[in-house]
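Some notes on the structure that comes next.
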Amino acid sequence: MTEPQARPGAVSLAAPPVPAPARATVRHDARRRRRSDRLRRRDARAAYLFLAPWIVGMLAITIGPILASLYLSFTSYSLLRPPRWIGLQNYVRMLSDQRLMTSLGVTFRYVFISVPLQLAVALALALLLNRGVRGLAFYRSVYYLPSLLAGSVSIAILWRQMFGTDGLVNDLLALLGIQGVGWIAHPDFALGTLVVLNVWTFGAPMVIFLAGLRQIPTMYYEAAAIDGAGRWARFRHVTIPLLTPIIFFNLVLQMIGAFQTFTQAFVVSGGTGAPSDRTLFYTLYLYQRGFGSFQMGYASALAWLLLLIIAAFTALNFLLAKRWVFYGD
C-alpha cells in the first residue's frame, strides 16, 4: 500500500527533527538543573543543622512553656498535686480580686509616668551629645551603663539604701537644711523612687535617639535656617517629625519593658509591695500568687492577662502611629 501524498498547501502536524546540538544543550541544561537542586538541598540541610540548636531551644524553652502555662491557666495547680481542670474559674476569679486591681493601678501609673519621663531625658541627652561633644564615645558608654545594670539585684539594693531614712539622698538634703523622710517606706513617695530608677536607665533609648539624630540630613536644618526658623522652630518642625519613627520604636520597647518590671519592686519592697501595696507591681503580685501561695494555675492566668494587656497597648500604639509617625513618604 502506498503512503498518502501530502496535498499542496496542507500543514504538516509532525514535529520537526531536533538537531543534535540542541539535544545536547537540553541534556546539559537538565544536568545543570539537577546539580543545582542537589546543591540547594545540601545548603538547606546545612542551614537546618546550624539552626537546630535555636529551633530546639525555641520549642523547649519558649513555645513549650507558653503552651504549658496556657493549659495551667485553666486548672487548679499547687505544685504539690497534679493540675485539675477547672475551666474559666481562674479568669472569673480575677473580676473580684481587689489586690489584682490594686496591682494594675500601680503598674499603669508606673508605666504612664516613668516611660515618657525616661524618653524625654534620653532625647535631651541625645541632643546634647549630637552637638559634637568631645569624647563622645566615652560619654555614650557611661550613659549607656545604667541600662545594663538596671535590672540587677545589686542596683535595686543600692537604690533602697540611697532612699532609706539614713541614705545618701537624705544626707544631701541635710546639707541644704532639709529634713528628709524614709522615701522607700513612705506611701506617697515609694512608687516615685522606682519611677526615678526607671528614668535613670535612659541609656538604651538615648543611644537609639542619637543614631536617629545622626541620620537627619543637615540640608533640612540649613533650609529652615534660611527661612528664618530659630532653634526651637527647627527642633519642633524638623527634628521631631523626622525622629518620630525612633520615638515610636523606643516608646513601644520601653512600655513593654515597664509592664514587665519586677526586680526593682521585689527588692525595694522586700517582695511584699509595701508600703500599703504602693509598690505592688503586677509582676510582683503574679509572683506572690504563684510562688508565695502556690496558686500556679491562677498565676498562669495572670500571666496571660498581662500578655493580653501588653498586646493591647502595643496594638494601640501601632494604630495611633498612623496619626503622628512620619516616615518621609
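Which is in the same structural domain as T218 (by TED's automatic domain parsing), part of a helix (DSSP H, G or I) and modelled with pLDDT of 95 or more, of L104, L128, L148?
Every option except L104 fails the conditions.
Conditions: (1) in a helix (DSSP H, G or I); (2) touching a Phe, Trp or Tyr at 6+ places or on another chain (Cβ under 7 Å); (3) among the hydrophobic types (A, V, I, L, M, F, W, C). W183 meets all but one. Number of the miss?
Unmet for W183, out of (1) in a helix (DSSP H, G or I); (2) touching a Phe, Trp or Tyr at 6+ places or on another chain (Cβ under 7 Å); (3) among the hydrophobic types (A, V, I, L, M, F, W, C): (1).
So A68 ticks every box in (1) at pLDDT 80 or above; (2) more than 34 Å from the chain's Cα centre (by Cα); (3) not basic (K, R) but one. Which box is left unticked?
That leaves (2) as the condition not met.
Can you pull out the residues in segment 144-160 that are farther than 20 Å from A126 by Cα and crowded, with 17+ Cβ neighbours inside 10 Å?
Matches in segment 144-160: I155, A156, W159, R160.
Tell me the residue from L191, L172, L158, L213 that is in contact (Cβ under 8 Å) with a residue 12 or more places away in the chain and under 30 Å from F266 (Cα atoms), please.
After applying the criteria, what remains is L191.
Restricting attention to helices (runs of 4 or more DSSP H) lying wholly within segment 210-295, give those where 1 or more residues are of a type in the set (V, I, T).
Those helices (runs of 4 or more DSSP H) span 218-226, 240-259, 263-269, 282-287.
The values are calculated or read from the model by the stated rules, or taken from the named source; none is laboratory data. Just so it is clear, the model here is predicted, and its values are computed rather than measured. We place every Cβ from the backbone using ideal geometry, glycine too, and count neighbours over all the protein chains shown.
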